[in-house]
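Read through the structure below, which is laid out as structure tokens, and then see the notes.
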Amino acid sequence: MICYSHSKITDDLRIIGSKTMSDHTNGVVKNSLGLLSDHLGFSLKYDEVYSIIEVMGKLHDLGKYTSFFQNYLLKNGSVDFDKKRHPPIGALASYNFFKNKDEKLPLIALFLVFLHHGNLINIGSFAEKFDAHLWRILSYQKQDLSAKFPEIEKEIGLINIKCLVEDIDESTIRRGYKVWSKKTSKIEDYFLVNYLFSLLIEGDKLDASDTSIYKPKQISIDWVDNRFGKPNCTSENLKTLTNSELRNYCRAEVVSQLDKSDILDYGIFTLTAPTGIGKTMTALDFSLKLKDKLKNQTGIDARIIYALPFINIIEQALKEYQHTLPEGLEIIGHYQYADIFGEDKKQSFQNNDEPKNYNQKIMALDTWQADVIITSFVQFFETLIGNRNKLLKKFNHYAHSIIILDEVQTIRLDQMPLIGAALFYLSKYLKSRIILMTATKPKIFELAQKEILEKEQETAQPYELLNSFEKVFEVFKRTKIIPLIDIQISETEDFTSKIFREKWSSNKSCIIVCNTVKRSIELHESISNYLKDNELKNPVEYLSTNIVPAVRFERISRIKDLLKDGKAPILISTQVVEAGVDLDFEMGFRDLGPIDSIIQVAGRINRNNDRNKEYSPLFIVDFTDSQKIYKSLSTIQARKALSLKSEFLEPEYLKLIEGYFDGISEKKSFDQFNKIFSSMKSLRYDSETDHSAISDFKIIEESTSTQSVFVELGEEEANLKEMYLLKIKNEITKEEFDRNFKQKFQQRIIAVPNSLTGSLNFINEYDEYIKFIPNELLDQYYDIDTGFIRKKSDIVRMF
């Protein structure tokens with residue numbers, strides 16, 4: 001008896017088995033156990049975790065031994081699509097294996113094996129899957145397998161499988177899940193179930209694609225030192241230090257924390273420091289040295305996971321890491337526009353690699369097979385709080401990882417208690433080490449403690465790595481914030497004539513940040529006209545998500561060159577520049593908004609701490625758009641905080657932001673996301689009745705009011721469009737499109753309000769997702785400087 005788990009099409013178009021069930025089952029078990037970490041924080045003992053992973057791995061594909069599945073796989077005759085379903089009978093066998101050993105283990109095994117090809121669902125309603133129709137299917141499958149049991153037992157190494165597939169009382173299952181979800185569930189169960197599910201499905205998918213588990217490479221604690229020199233923190237007077245020396249001082253203080261005897265007892269760290277102080281490399285240096293300490297004292301090989309909110313700063317960080325770490329180290333960039341091949345590998349792969357190799361590269365990317373992973377907040381947090389199979393297969397990689405979360409002030413305030421609590425439990429149960437980096441010290445763990453952890457009788461105690469951060473903030477005199485929010489601006493032109501004309505001089509580079517795309521486009525036109533009328537030659541640049549990503553990346557580089565050459569450019573932008581964009585202007589203006597966002601814009605002014613430009617100004621104006629974007633609470637509290645003084649010097653920013661957060665958190669409702677935490681505790685993964693299930697969590701609020709639009713700028717875009725259409729028509733494979741064209745295709749797409757796209761056609765009759773601006777109509781719909789031409793009034797928040 002030879003049964004197959006997977007098949008393939010030969011060159012002469014025959015379908016044959018490509019992997020035997022024996023090889024696949026053994027491969028899944030080996031992978032899943034190979035991924036398993038010990039010394040975690042679960043109540044379940046290591047040998048119990050080992051046992052459930054081993055048994056689920058052996059039984060998860062039991063249904064593939066049926067003739068129903070083999071006929072389907074090898075296309076032999078007619079196919080009964082109900083009877084060929086393979087997970088239920090393996091789930092039943094897994095349940096019976098554990099039913100006399102533990103109360104929860106059989107329920108977990110049944111749940112995870114049954115769902116191993118799908119998303120996790122609400123355990124309270126899971127038992128409903130076992131209806132009369134399913135029991136009939138199972139009876140057919142058991143009868144079909146009866147003669148094969150001896151050989152199956154020999155192949156998978158389990159005995160008495162015939163007994164394991166005996167029916168169980170449906171009421172027993174229902175009662176078991178009801179009691180679990182209503183009475184005995186706890187937050188530990190969420191992390192345990194997701195961890196076990198992740199081990200099973202990653203082990204399965206790695207074997208199916210013949211992708212190897214990555215073996216971490218040996219690291220050096222000196223890689224950051226080799227680039228920047230060894231740091232020291234001997235200076236007592238920080239005010240005498242140059243910017244470079246101050247960066248050196250901060251890095252030295254942070255890494256010195258590793259000398260503390262109990263440093264490995266901490267799971268949560270914060271790194272609070274001003275913008276431009278070198279937090280990226282400081283955190284990397286600390287992480288490399290922490291990784292080395294963990295390896296030497298515990299034998300654990302920790303991954304480094306670095307997560308950031310925005311694509312442009314992810315790519316910037318990726319380049320910095322690649323410049324600092326040696327070539328032999330595996331660094332993965334996992335985000336929307338990631339190129340998994342790299343410029344040096346891409347050409348040879350496209351021409352020579354087999355699709356199988358491509359699939360292995362995709363699988364290695366999706367499961368983070370690397371020493372260092374640089375990823376997005378979307379990937380990181382929607383894996384941490386989620387139910388989707390595609391994301392959860394890498395959940396187990398959080399175990400023992402060193403996780404750096406940068407620009408955490410960008411997390412929505414109403415999500416902070418939930419995220420803070422989830423991170424706390426991640427460190428508790430999966431023993432992750434988490435480093436939160438910020439210049440504005442948002443109250444993530446304070447809010448988590450107040451809203452969630454206190455009720456759970458837990459205490460989060462983050463360890464601050466830069467103890468002298470307050471003294472460091474006091475040193476900086478780069479900028480000051482000057483509120484002009486009482487000046488009435490009824491039209492965009494009022495800003496140019498009443499404020500810009502008075503405060504700006506033509507020898508100064510300037511950044512202007514608006515809350516809305518519409519306002520930024522109007523302002524670009526107004527400022528351009530003002531310069532023209534006054535015969536001024538300053539370059540006027542524009543940045544927002546209204547222009548295609550490929551152009552945004554090029555434009556940031558161009559602005560850097562203009563600043564470097566002393567051309568005094570004026571940049572009109574939206575919030576897209578607030579975090580991590582390494583641009584350095586001499587002054588700026590920002591529309592009224594949250595105080596943390598205002599301070600982030602201040603970080604784009606006198607960024608390099610030129611002592612000759614002390615207290616360069618950031619003027620805060622009110623275009624009256626704030627309340628439409630940030631809602632009334634943020635606007636009211638920001639206005640209240642800014643009304644306390646006529647100007648705020650940089651050493652005062654910490655107090656300014658603290659007062660703002662105190663005011664807003666007292667009045668903010670966190671109910672929706674606190675309910676999601678309750679759903680995590682009760683394993684309510686999905687629900688059709690309300691919006692507080694785990695599946696409802698999204699790190700970025702999804703907009704249903706925008707339409708994706710592909711912009712055909714020129715010949716390259718025309719070719720990308722053609723390749724996309726060939727993929728839709730199945731004239732080229734998805735794999736071929738993804739590896740050759742997907743990245744560049746996505747970088748030509750923008751999100752446009754639905755109300756402005758009515759006259760545009762979809763890219764073709766089969767695709768109702770993407771609309772299309774053909775090159776011959778470009779002048780009607782797309783401005784090369786400011787992007788999509790907005791003829792109707794519309795407000796869209798852009799990040």
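The values are calculated or read from the model by the stated rules, or taken from the named source; none is laboratory data. Just so you know, these numbers come straight off a predicted model, no measurement behind them. Neighbour counts run over all protein chains shown; Cβ positions are idealised from the backbone, glycine included. Protein only, heavy atoms only, side chains kept; ligands, DNA and RNA dropped before computing areas. Shrake-Rupley method; radii C 1.70, N 1.55, O 1.52, S 1.80 Å.
Things worth noting here:
- Average accessible surface for the chain: 43 Å² per residue, computed with a 1.4 Å probe over protein heavy atoms with every protein chain in place.
- Annotation: the antiparallel percentage among DSSP beta bridges lying fully within the chain is about 25.
- When you filter the chymotrypsin sites (Phe, Trp or Tyr not before Pro) in the range 71-176 for DSSP loop state and at most 14 other Cβ atoms inside 10 Å of their Cβ, you are left with Phe81.
- Trypsin sites (Lys or Arg not before Pro) within the range 183-285: DSSP coil, no more than 16 neighbouring Cβ in 10 Å: Lys186, Lys217, Lys260
- Atom-type composition of the exposed protein surface of the chain places 45 percent of the accessible area on carbon and sulfur (1.4 angstrom probe).
- Dipole of the range 659-757, positive direction: furthest Cα of Pro753, Ile694, Gln743, with charges on the beta-carbon: Ile694
- FRET E, pair Ile9, Asn719, Förster distance 25 Å, beta-carbon r, rounded to 0.05: 0.30
- For the range 479-510 versus the range 196-261, the inter-centroid distance based on Cα atoms is 42 Å.
- Each Lys and Arg contributes +1 and each Asp and Glu -1, all at the Cβ; summed about the Cα centre of the range 372-483, the dipole is approximately 340 debye.
- Dipole orientation for the chain: of the candidates Ser616, Ala421, His117, Ala421 has the Cα lying most toward the positive pole (charges on Cβ; Lys, Arg +1; Asp, Glu -1).
- For the pair Lys455 and Lys681, label points projected 7 Å from Cα toward Cβ lie 0.6 nm apart.
- Using equal-weight Cα scatterers in the Debye expression, the normalised intensity of the range 288-328 in log10 at q = 0.20, 0.21, 0.30, 0.31 Å⁻¹ is -0.75, -0.78, -0.98, -1.00.
- Using a Förster distance of 22 Å, the FRET efficiency for Lys631-Glu658 (Cβ separation, nearest 0.05): 0.55
- Extension gain, Tyr46 to Ile159: 0.36 nm times the residue separation minus the Cα-Cα distance gives 38.4 nm.
- Between the alpha-carbon centres of the range 609-649 and the range 733-755 there is a gap of 37 Å.
- Charged side chains reduced to their Cβ positions (Lys and Arg at +1, Asp and Glu at -1) give the chain a dipole of some 1000 debye around its Cα centre.
- Selection from Leu192, Phe445, Leu258 lying farthest towards where the dipole of the chain points positive, charges on Cβ: Leu192
- Segment Ser669-Ser506, extension gain: residue separation times 0.36 nm, minus the distance between their alpha carbons: 54.1 nm
- Inter-label distance, nm, simple model (7 Å from Cα along the C-beta direction), Arg227/Thr20: 4.9
- Solvent-accessible area of Ile789 with every protein chain in place, 1.4 Å probe, in Å² to the nearest 10: 60
- Computed helical MRE - 222 nm, the chain, DSSP H runs ≥ 4 contributing -39500 (n - 2.57), nearest 500: -13000 deg cm²/dmol
- Ile168 paired with Asp610, simple spin-label distance in nm, labels 7 Å along Cα-to-beta-carbon: 7.1
- Subtracting the Cα-Cα distance of Ser755 and Glu327 from their residue separation scaled by 0.36 nm leaves 149.2 nm.
- Restraint check, Lys84/Lys129; Lys182/Lys698; Lys477/Lys532, Cα-Cα greater than 28 Å: Lys477/Lys532
- Helical segments meeting 30 Å axial Cα length and Kyte-Doolittle -1.0 threshold in the chain (DSSP H): 187-208
- Translational diffusion of the range 247-298 was estimated from the Stokes-Einstein equation, with Rh taken as the Kirkwood radius over Cα pairs; at 20 °C and 1.002 mPa s the coefficient is 184 µm²/s.
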